[in-house]
Every structure is written in structure tokens, then in C-alpha cells.
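The values are calculated or read from the model by the stated rules, or taken from the named source; none is laboratory data. Since this is a predicted model, take the numbers as computed values, not measurements. All Cβ positions, glycine included, derive from the backbone under ideal geometry; neighbour counts span all protein chains shown. These area figures cover heavy atoms from the full protein model, side chains too; ligands, DNA and RNA do not enter into them. Shrake-Rupley method; radii C 1.70, N 1.55, O 1.52, S 1.80 Å.
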Amino acid sequence: MLSNWKISKSAVYLLFIILLCFCLCQYGLQRLFGFSLFPDEFGYWAPAAEMLGWDWSESVSLGSYYSFGYSLILTPVLYFVKDSITAYRTAVVLNMILMCAGLCLLYSLMRMLFSGIDKERAVLISGIAVLYPPWIFYMQMTMTEALLLFLYILICWLLIRFLENPRALTAVFLVLALVYIYFVHMRSIGLIAAGGITLFIWAFGSKNIGRRRKILLVLGVLVCLFLLGLRMKNVLIGLLYHTASSEVLSYNDYSGQWDKLRYLFSIQGWKIFLAGCAGKALYLGLATYGLGYGGIFFAVKKAAGSIKSIKNRKADSRSYFWIFLTLASLAQFFVTVIYTVGSAESGNERLDLFLQGRYSELMVPVLIALGLAQLLESGKIWMKTALTAGGTALLTLVAVCVVKGSKTGMTNIHGYTMLGMSYMLKEGACQPADFLWKAWLFGTVLAGAAALVAALCRKNRQMSWILTLLIILETALSLQAGEHYIYIGNSYGYGDVRMADKIKELTASRTERIIFIYEGGTPYIQQVQFRLRDKKVDIWDSQELESKWEHLEETDKVLLESESQYKEIFEARFEKSWEAGHLCLYYNSQ
């Protein structure tokens, strides 16, 4: 029956993928107790706490500024959900809902871009794109990536809707989305620039004076909202980061990127820049099974044709969409390269910064969808797969040369920032050059698997169901990544939650100070501050401990890192101690 009823079949596929998203979320939800990445995740919750009148300023100042866009979503979660574990899990469920919404929007987008595509094929292609393993991975934590991935698809959908029917309401939502994604994370500056340039080209590529005025008004509102957001950012930094150094603050801010831009004007800077491009291009190819290359090539080809159409005054609304997509993809790619430009230098220790996929991850699902759709329609599947394998082999060779030319060997690898290439990684006993070739081989096998599925699907249009094999493969890869980077860390993090509960038990009054002696390690104290909600944790720098020693009070509750060099001193100073997770608590009897 379903084989003869196309609409019902596509609905079944859609419900299947939504159910799979729900199951993937529930699979690990009970194993999440708080943050997996420090200080990033806490940096997004801290502005939410500030909006509720809680002072987390000293704890958040241990890290850099992480913008406030995501915090607008986290604020009601933090207010209504009183328990930190439940609040964190609630945010993860919201990520899952955004993933499902992204699936529906991408399906709609594919139907608009490829008018002749089968509904069930459009659903499955969208499902493969949305179930991209890094998206599943980031869905299970409160990093901004899950929101960014959704917002990029939303912006693409709103833009093509606005281009086809320039209504005021669509324009409002488009402008808000473009401005909002920048303040979710500032590395998405390429999107707001691409959107503004595309609308400007559309305004002056049309002879319609009324339309031109409307678009210029939209651009004016875009600029005003952007400036308002910058004002909010400066106010927030003044409230939250008053104890942070300017060097720490500039790390994630564009004020800290000017030296990198100046460096690019030197010959050595260009060499490093090109090497960085090779590393990021390698990640894009291997992480997307080669489909990302097909997507960007297709978008560039369509954009080139669109420019000719605009010159000849024959462009339709979709022509401008391809220009936006090309500009946005290239802009985000180069933003990633520039932000991590020092990663190709000989003194860099981290291979993941050289490959860095996290900063450009937001554009990948759309590129995967375009690449797979084009692969299914255009043919020459095995030739394209061979070109992908050869191209990534050359890029791998370049990456190996960069690694071998490094003084450090780039042996420090954080797999979660290059998740799409991390499946063969064994941290702690990794030879970077060997790992790169293993990653290339595994990525080539994945590209071959995607090509085989596409070839079978193309051979028989009734075999669209075979695309679900790619979804199953992606699910397995994402579960492996979750086990490796999320769940293990959370089992240790639960000890920090218990530490916070112990402090709650001991601090009946807000006049009792909670002090953490910071020695420069990972700020696990942020987990405690998150759990304590409106109780402030004071941070004392260990280098100033001698001058502050006499200011300790009998009622103080003092926290040290579990491996602290000051443990014996505080054991002599306080009557009791209690250790859990990554921290040790010292206090006197009540």
C-alpha cells in the first residue's frame, strides 16, 4: 500500500527520523549531569544567570567571553527549572527539538530548490544531512553548535521565501535571524555579511524602485539591530567579566583577531594561511563523506550562472539564493582559517586546531544535502568519488608535511573540535601523521559507502529506502563519539555535583563565603557554581594566596583542586575536609 502512496511513505520516513532524533536524545540523557566542555558551556549559562540577578562573574571570568544569544534561550530554563541537572537535560531536549525543526525546514528547502525531487527522497536526504554525527554530538551538550546548525538552515529557508515573495513579516524574521546568529556566536559574522551583500545585490540588480527601497530599509534595520546587539554585548561584558584580563576577553572577540589579519599581509602569513586552508578543506571532505565538496561545487556553479543572469537582467529569485549560499560557505570557511591561522605554525601543539571543523560546522548539513541530491541526479558517481579520494589524499599529504615540519609534532589532540575526523583517534597514544592517514582511509571508505548507496538508489528509483543505511551509519558514528567524549566525562562530573550539594548542606546562610583557590587548571568549579545557582563562589588566585591568607574566616568554605599543592596547608587550617569529583572542600564544624 505504501509503495503506491508516495505522500504517506514520505510521512513515514519523516516520523522515523524524528523518532530516531528523540531516541538518540533519550539514549544519553540520563547519563548527563552537567558540562562536558569547560569553560565554554558555562560561558553560555552565565549571562542567563546575570539576567536573573545572580552573580557568577568571578567563575565565568576564568574563561573568555562567549556571547549572549544562546543565553536568551537558557534564561527561562534556568529560571523555571530549579535543579541544575534537570535544567541541563531540559536544554538538551530543546536542542533535540531544534534538530527536528531543522529537519522539517531542510526538507522544505530541498523541495523549493529541486522542484522535481521525490518527497521520500527529499526527506531521506534531509535526514542524512541533519543526522550528521557532529550535530547529534552537539545536541547532547549546551554548546551553541546545535543552535547554530538550526539557525543556518532557518536563514536559508527564510531567505529563499523572502526572495520569492518579499513580504514584510518574512523580512522581519530574516533580519532577526541574521542578527541573532551573530550574537549566538561571533564566528558567524560571515553569514550576516553574506546576507547583507546578497540583499544589496538584489536591490540594485532589480529595476523595481519600490522593491529597492524596501530592501534598503531591511538593510538599515539589519545595521541598527546589529549596533544594538553590540551595545548589549559591551554592557554584559562590563557586568560579568570585570575581573577577567583583556587578554582572556579578546580570545573569542574580534578585538583579538586584528594581529592575525595583519600577519596575513606577510609572506609567511600567506604560507600559514594556505596551509590552514588545506587542513580545513581536508576536514570538510572527510567529515562529510565527500558530499560537502559536491555541495560547495554545486553552489559555486549555480552562483556563477546566477551572476551571468543578473548581468543580463534575466535572474530569478533563486539566483540570489545561490549567491548567498556561496558567499556564506566561503566566508565561514575563511573565518575559521583566519581565527585559527596560528595553528599551522611550527610552534602549535594541537592538531585539532589545524584541522578545526567546529567553527565551520554550521554550514555542513546544507552542503551535504545539496551534494547528495546532486550526486543522485547527475550521475558519474564513481568518478566523483575517485576525485574526492584523490583530492583528500593530496590534502592529507600536505597536512602530514605541516605536522612533520612542526617543532612540537602536534601531539596534543582534542578530538571534539574535529569530531568528523576523530573516529580513528586514540588520544594519549597517537602519532599525528599515522592518524591522518588512518582518518583519510576511513573517510574514503565512508565516501565509498555513500557512493554505493547513491549508485543503488540512482539505479532503481524505487529503492530510496536504501538511503536509510547512511542514517544507520551516521547513528553508529555519533554514538561512538558520545561514548568517547561526553558520557565518560559526565561520570566524573557527577562528583562535582555532589560537591555542590555538600556545600548547600553546609551553608545555611548567604553570609558564609564559598572560596575557590584557582591554580590555572580546568575550571571545574563552574559546575559547582551552576549547581549553587544564586550562591556566589569567590575566586582567589593561588599566586595571591599568601597576601589573602589572613582574610580567611572561620565560617569560610574553601575549595581546592583535588591535586592541589596546597592541600596540606588547608588541612592544618580547617577541621574537616571532603573530596568528590575534581575538587576538595575544607571547612570547620558548625
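Key figures
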quantity: Members of the stretch 404-424 that are surrounded by fewer than 20 Cβ atoms within 10 Å (Cβ to Cβ) and among the aliphatic types (A, V, I, L, M); calculated: MET424
quantity: Single match in SER577, SER547 (criterion: without any contact (Cβ under 8 Å) to a residue 60 or more places away in the chain, small (Gly, Ala, Ser) and touching a Cys at 6+ places or on another chain (Cβ under 9 Å)); calculated: SER577
quantity: Residue list for the stretch 336-352, filter: touching a Ser or Thr at 6+ places or on another chain (Cβ under 8 Å), open to solvent by 30 Å² or more (accessible area, probe 1.4 Å) and in a helix (DSSP H, G or I); calculated: none
quantity: Residue that is nearest to ALA129 (Cα to Cα), among those in the stretch 298-329 that are without any contact (Cβ under 8 Å) to a residue 12 or more places away in the chain and part of a helix (DSSP H, G or I); calculated: LYS301
quantity: Residue list for the stretch 488-530, filter: at pLDDT below 90, of a type in the set (A, V, I, L, M) and not in a helix (DSSP H, G or I); calculated: ALA508
quantity: Residue match in the stretch 264-272 (condition: at pLDDT 85 or above, in the same structural domain as GLN374 (by the TED database) and touching a helix residue (DSSP H, G or I) at 6+ places or on another chain (Cβ under 9 Å)); calculated: yes
quantity: Pick from the stretch 5-46, criterion among the polar types (S, T, N, Q) and surrounded by 19 or more Cβ atoms within 10 Å (Cβ to Cβ), ranking: farthest from SER478 (Cα to Cα); calculated: SER10
quantity: In the stretch 531-550, the residues that are over 19 Å from ASP83 (Cβ atoms), assigned to a helix (DSSP H, G or I) and not aliphatic (A, V, I, L, M); calculated: SER542, GLN543, GLU544, GLU546, SER547, LYS548, TRP549, GLU550
quantity: Residue in the stretch 135-148 that is of a type outside the set (Phe, Trp, Tyr), under 30 Å from ARG461 (Cα atoms) and either buried (at least 20 other Cβ atoms within 10 Å of the Cβ) or in contact with a helix residue (DSSP H, G or I) (Cβ under 7 Å, 6 or more places away or on another chain) (or both) present; calculated: yes
quantity: Residue check for PHE435: more than 21 Å from the chain's Cα centre (by Cα) and surrounded by fewer than 18 Cβ atoms within 10 Å (Cβ to Cβ); calculated: no
quantity: Selection status of PHE150, in contact with a Leu (Cβ under 6 Å, 6 or more places away or on another chain), free of Cβ contacts under 8 Å to residues at least 40 places away in the same chain and not assigned by the TED database to the domain that holds LYS311; calculated: no
quantity: Filter result for ILE472 (on the phi < 0 side of the Ramachandran plot, touching a Phe, Trp or Tyr at 6+ places or on another chain (Cβ under 6 Å) and not assigned by the TED database to the domain that holds LEU375); calculated: no
quantity: The stretch 507-541: number of residues that are surrounded by fewer than 17 Cβ atoms within 10 Å (Cβ to Cβ) and of a type in the set (S, T, N, Q); calculated: 3
